[in-house]
Amino acid sequence: MSDDKTNTGPADARRIAMGEDYEVQYWTEKFGVTADTLQRAVNAVGNSADAVQAHLQRHSH
């Protein structure tokens, strides 16, 4: 794995790394949520991107 800072997508597109600012920015933009909302979703269902997306969709109404 390289430290190429021009690659702003996640290192593993299946997992959300809340400790990495660029990943938080990527996922908040992808899901259209705030970092706090993303963190609450990760806390609720874990860091699987699919699980977080499903959780956010269920709770967006």
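Have a look at Val33, Val52 and point out the one that is modelled with pLDDT of 95 or more and part of a helix (DSSP H, G or I). Result: Val52 is the single residue among Val33, Val52 that is modelled with pLDDT of 95 or more and part of a helix (DSSP H, G or I). Considering region 14-30, and only residues there that are open to solvent by less than 40 Å² (accessible area, probe 1.4 Å) and of a type outside the set (A, V, I, L, M), the residue that is nearest to the chain's Cα centre (by Cα) turns out to be Trp27.
The values are calculated or read from the model by the stated rules, or taken from the named source; none is laboratory data. Only a predicted model underlies this, so the values are computations on that prediction, with no experimental measurement involved. Heads up: the accessible areas ignore ligands, DNA and RNA and are worked out on the full protein's heavy atoms, side chains in. Shrake-Rupley method; radii C 1.70, N 1.55, O 1.52, S 1.80 Å.
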